[in-house]
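K.L.:
Quick one: the structure is below, and I'll ask about it shortly.
None of the figures in this text is laboratory data; all of them are computed from the coordinates on show. Here the structure is a predicted model, which is why all the values come from computation and not from measurement. Virtual Cβ from ideal backbone geometry, glycine too; neighbours counted across all protein chains shown.
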Amino acid sequence: MPEKYHISTTPVPPRLPRIGKYGIVDWREDCARCHNCVKKACVYDRHRQESAYLRTLKYSNFLFFECMGCFYCVQNCTKELLALTINSEYENLGNQYWTPEIIQTTWQQAETASVPVSGAGYRGKFAGRGFDAMWTDMSEIVRPTRDGIHGREYISTSVDIGRKPAHLEFKEGRIVSETPEILDIPIPLILDMNPPEFTLPRLEPFILEAVRMTDIIAIVDSTKWPECLNEKQRQRMDAYLPNIAFHLNSEAPEIPKDVLRKTRMVEIPDSDDALDRRAALREAVPGIVVSIRVPLNKRGVDRAVALVDQGADVIHGVADFNGNEINVKNPRFIKDMIREIHTRLINSGARDQVTLIAGGGIALPEHMAKALLCGADVVSSYLPFMIALECRLCSDCKPGLSCPAGLEAIGFDYGVGRMRNLIAAWYLQLIELMGAMGMREARRLRGDVGRAMFFEQMEEEIFGTLFGTRKQA
Amino acid sequence: MEHFSAPENRLNDMGAVLPANTVRTMVPQVDVCREIAPAPPRYRNEFAKYVIFRSDACVHCGHCAELCPHHVHVRKPGYTLFAMPKSYLCTGKSCEKTGYYCIDQCPQHALRMVENPMIRALGDYRWPADMLLGTWKMAETGEPPAEEYELNYQTGNSGGGFDRLRFRFPEKPPAGLSDDEIDTSIILNRRDDGRPKIAIDVPWYGGGMSFGSVSNITQLSKARAAVAWNTFSCTGEGGYMERMRPYDGHMITQVATGLFGVREETIQRVPIVEFKYAQGAKPGLGGHLLGDKNTPAVAKIREAVVGISLFSPFPFHSVYSIEDHMKHLDWIKHINRRALVSTKVSTPTDVDMVAVGSFSAGTHIIHLDGGYGGTGAAPDIAKKNIAMPIEYAIAKVHKFLVDEGARDKVALIASGGVRTAHDIAKAIALGADGVVVGTAELVALGCVRCSRCSAGRGCPRGIATTDPELVTQMDLEWGTQRIINLYSAWRKDLIGILKRFGMRSVRELVGRSDLLMHLDFNNDAGVNKTDGPAKSQNASAKGKGRKPKKANTEQKP
């Protein structure tokens, strides 16, 4: 049995004061000095921590917002001097898609590398747009993984990238058909390049160290080679190359062939001659997996299917960073585009032989599982790993502007540790979902919509029989 | 004060109709009076939708106190100054139209009223502030909140499920039906198998919460309220506290995968045994008591080591099939010859198949726990994403059981996001016989849903904790009364709904989805096709339901 995949983690505390959801407003001037102060009774000791924080204030622009929101002190203060408030800075985090909740949970996971756990029931909307319009299934009684989560049986999250032959041909006992190289990564996750909206300081050294530690793949713009490695990393360049997939930017100088040969995968942008470039690369670097990056714009889905028809092995379909179809007035969401590509590839009989990587809008670990259920083999993501470094997604990361989260000046161990922790937390949560589904192989999640429940479908199938047709939005 | 006489056929007296060799509780049973009594909030500063401020201009003339019928302004005997206004009793803006609006009537203009800005920080989409405030009000008074409080406590803001369903009340409610004539009881054993036909007086019972996940005061308050209302509470999977034994007749012993506290005697002493296959908040993941909550007392009752996390691994190691499930049920039925068996499952895609399989294995109660159910601790990823919401599951299972001809032989009980009497009624109209409630009981005890049940020492409010210091915040009598009051208010709300439909029994409402409308649908489905068992139940009820003539929605969209 192969060694069980494991990511060793240690907590990596934040550099900056936390931007919590709640804070206590305290009107000290009316205090009765009752000597029975509820602040002393705070179960979480937050009031004392706040005092200590204010005494040694390092950041005058950060207030203390670590209240847990239990209202205990508010309700017991003898003079009603305390009030709980929602931190406006918290509410301003992110955007409509990358909500404050997503950003906060990402910070927590990057710090602890653990699965976020809380009490009471679910607090959110019944359903929403995009990935929030689907639920994953669970297996009630018959469940092959048994106690997989708790270590008795192995749940494999490995997936393959590359062409898988439909069948093998033998002659005189020997395989005569072509057996293309397949790339195996332990989690269905690739760290992508930064979206153009986020032109950031150099995060590649952290990313490449984190992917080396976790044995996944990072896509690196070839214009950044070799600066994507720091001085120390460059001395051990060979250790990093297997986890790098160069995005071969046609405007950049060519990556040396001896470097490419030590990688396992490259990516080329879609173009009219994409398939020719792919063939040339395969010839120059035998065995390398070549992915074609297809922007999921109005033509994206058709183009992805056409490329497969013409012989492409790996398609990396990328929506915008909010998961939407690019430059379309009423955009489809990434999950719907994946489903369409997947279904059309099934109909053409090519699905089992090719790899579909889906990127854009992958913000949470459940998105990874849901994208797979919709038909992707692997997902790509970038922003969560930037958020892991305490980015607030203010979108102000332009040249010349200073980053409010100070990303220009982060330490190496901090940056790598936070990214590694986040990858570990995502891995653990993927296992949680797979365990509940009774799935022991991530490969089998691909396109298994029977393990998913879609909001529109549930409404139509169940409520439709009771309440008729659904109103048009 | 309100007093209900205890039903004649109390569960405690059930021994008379049971086989002679049946083992049952040997502990004297305690009765709890079903009496509605005020149970004021236990905090000095209760939450208020509107806050009244008294300025220094006040001359303490007492005019406001004389005017206010809600006793917002109080001057304690022997004091010359007024205490701070009890804002939570204030009806707020609706008072402006009355002649006793203190803000206008104060001769010194010393009072002002503002909307409480803190309300924004209270609650969430599923339990918005109004629903929390309404539930607290019910737990305090035993009555549904008065209309003048303008609390929308009947629906949440989740944007789907129960929150988008409304009743289609007839424009003119059928006249001549008094509250006393309306029966809210349901029968939990619908099989003719010689086991007791246990009836509960309200169509709900308390959900399983283990000692460890909640305090023993919380557990006992739930149990005592169950006695008062002739319904049930459940041990959860944490063992059976000795202090619960006086309430054996109203307890459900839960058998879950960790088998904590499961012994012959804990199965034999109760009228219902529940097999928990899965929990809605963490379907397919099993239970998890964090190490911090595994105190010496918890460890003792669970026969475990102090301080370590305790897992109830999913699923049962002995069950791979419906046949294995049947063996489970047979095991319990053999050990306790008078017990009903409930099967608690979550809501996978094939929940209908699971339900019918469980029925064929011999369960008396199919308990569906939907994806948005409560928990002491669960991975956030599970709470949000795994399994279908209960609203879908009820309708799906009900229809399937009808089609299979099994619906009137099994009790269908739903849980997982049932928060109010209106949710209960909607669940029943979708096809359930009754529901299981949990979070609402904790809210009645003062829970604010801060979700920190699992953090550190546990609930700061002493509800979901075993911390020796924190648990002392709550008194058993108070806790019992709060839940008794909540049940009373719910029953009144439920009777109000049934009365508007002219129904004499809650059983007439089962499967009557034609009485519901969905705000996101055109509601043009025509004749409801899934009301088979409702008809059969109607036949057994005292009077026939009167169909509404025209839709009159309960609330504006």
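K.L.:
What FRET efficiency do you get for B:His317 and A:Arg443 if R0 is 25 Å and r is their Cβ-Cβ distance, rounded to the nearest 0.05? Numbers along the way, then the final one.
P.N.:
Details: r = 27 Å, r/R0 = 1.07.
After rounding to 0.05, the efficiency reads 0.40.
K.L.:
Sort B:429-439, A:100-110 by packing, meaning the average of other beta carbons within 10 Å per residue, with the highest value first.
P.N.:
B:429-439, A:100-110
K.L.:
Given R₀ = 25 Å, FRET efficiency for B:Glu303-B:Val30 by Cβ-Cβ distance, to 0.05?
P.N.:
0.40
K.L.:
Set the bar at 32 Å for Cα to Cα. Now go through A:Lys125/A:Lys398; A:Lys471/B:Lys399; A:Lys58/B:Lys383; A:Lys21/B:Lys137; A:Lys79/B:Lys282 and name every pair that lies beyond it.
P.N.:
Working: A:Lys125/A:Lys398 34 Å; A:Lys471/B:Lys399 24 Å; A:Lys58/B:Lys383 38 Å; A:Lys21/B:Lys137 27 Å; A:Lys79/B:Lys282 41 Å.
Over 32 Å apart, Cα to Cα: A:Lys125/A:Lys398; A:Lys58/B:Lys383; A:Lys79/B:Lys282.
K.L.:
Sticking with this one: Between A:Thr99 and A:Arg15, what is the label-point separation in nm under the 7 Å Cα-to-beta-carbon projection?
P.N.:
For the pair A:Arg15/A:Thr99, the computed spacing is 2.9 nm.
K.L.:
Given H placed on each backbone N at 1.01 Å, which residues far from B:Phe211 in sequence or on other chains put an amide H within less than 5 Å of it?
P.N.:
B:Gly238
K.L.:
Label B:Asn522 and B:Arg263 with points 7 Å out from Cα along Cα→Cβ: what is the distance between them in nm?
P.N.:
6.4
K.L.:
Could you work out how much longer the chain between A:Lys298 and A:Glu169 gets when fully extended? Use 0.36 nm per residue separation minus the Cα distance between them, nm to one decimal.
P.N.:
Details: separation 129, 0.36 × 129 = 46.44 nm, distance 3.96 nm.
Once the chain is fully extended between A:Lys298 and A:Glu169, it gains 42.5 nm.
K.L.:
Just to be sure I understand: of the beta bridges DSSP finds with both ends in chain B, what percent are antiparallel, rounded to 5?
P.N.:
Bridges in chain B are about 40 percent antiparallel.
K.L.:
What's the angle, to the nearest 10 degrees (0 to 90), between helix A:274-284's Cα axis and the longest principal axis of chain A?
P.N.:
Around 70 degrees separate the two axes.
K.L.:
Describe numerically, in nm with one decimal, the distance between label points set 7 Å from Cα along Cα→Cβ at B:Asp475 and at A:Tyr5.
P.N.:
Going by the 7 Å Cα→Cβ label model, 5.7 nm.
K.L.:
For an R0 of 56 angstrom, estimate the FRET efficiency from the Cβ-Cβ distance between B:Cys61 and A:Thr199 and round to the nearest 0.05.
P.N.:
The calculated FRET efficiency here is 0.25.
K.L.:
In addition: Given the Cα-Cα distance of A:Glu461 and A:Cys394 and 0.36 nm per residue of separation, how much length would full extension add, in nm? Could the numbers behind the result be given before it?
P.N.:
Working: separation 67, 0.36 × 67 = 24.12 nm, distance 4.07 nm.
My answer for the length gained is 20.0 nm.
K.L.:
Another question, if that's okay. Name the aspartates and glutamates eligible as straight-distance cross-link partners of B:Lys409: C-alpha to C-alpha under 17 Å, and not fewer than 8 places from it in the same chain.
P.N.:
Qualifying aspartates and glutamates at Cα under 17 Å: B:Asp192, B:Asp193, B:Asp352, B:Asp433, B:Glu508, B:Asp531.
K.L.:
Still on this structure: Gain in length, A:Lys40 to A:Asp273, computed as 0.36 nm per residue apart minus the alpha-carbon separation, to one decimal in nm? Let's see the in-between values first.
P.N.:
On the way: separation 233, 0.36 × 233 = 83.88 nm, distance 7.00 nm.
My answer for the length gained is 76.9 nm.
K.L.:
Under 11 Å from the Cβ of B:Asp130, count the other residues' Cβ atoms, weight Lys and Arg +1, Asp and Glu -1, and hand me the total.
P.N.:
Numbers: positive: B:Lys49, B:Lys137; negative: B:Glu150.
Taking every other residue near B:Asp130 into account, the sum is +1.
K.L.:
Between region B:330-386 and region B:195-226, what's the alpha-carbon centroid distance in Å?
P.N.:
Region B:330-386 and region B:195-226 have Cα centres spaced 17 Å from each other.
K.L.:
Distance between the C-alpha centers of region A:71-146 and region B:501-527? Whole Å please.
P.N.:
About 34 Å separates the Cα centre of region A:71-146 from the one of region B:501-527.
K.L.:
Of the cross-linked pairs A:Lys329/A:Lys370; A:Lys164/B:Lys276; B:Lys333/B:Lys396; B:Lys76/B:Lys97, which ones have a Cα-Cα span greater than 32 Å in the structure shown?
P.N.:
Beyond 32 Å between Cα atoms: A:Lys164/B:Lys276.
K.L.:
Tally the DSSP beta bridges in the protein assembly as shown and give the antiparallel ones as a percent, rounded to 5.
P.N.:
35
K.L.:
Quick one: angle between helix A:300-309 and the longest Cα principal axis of chain A, in degrees between 0 and 90, rounded to 10, please.
P.N.:
Helix A:300-309 sits at roughly 30 degrees to that axis.
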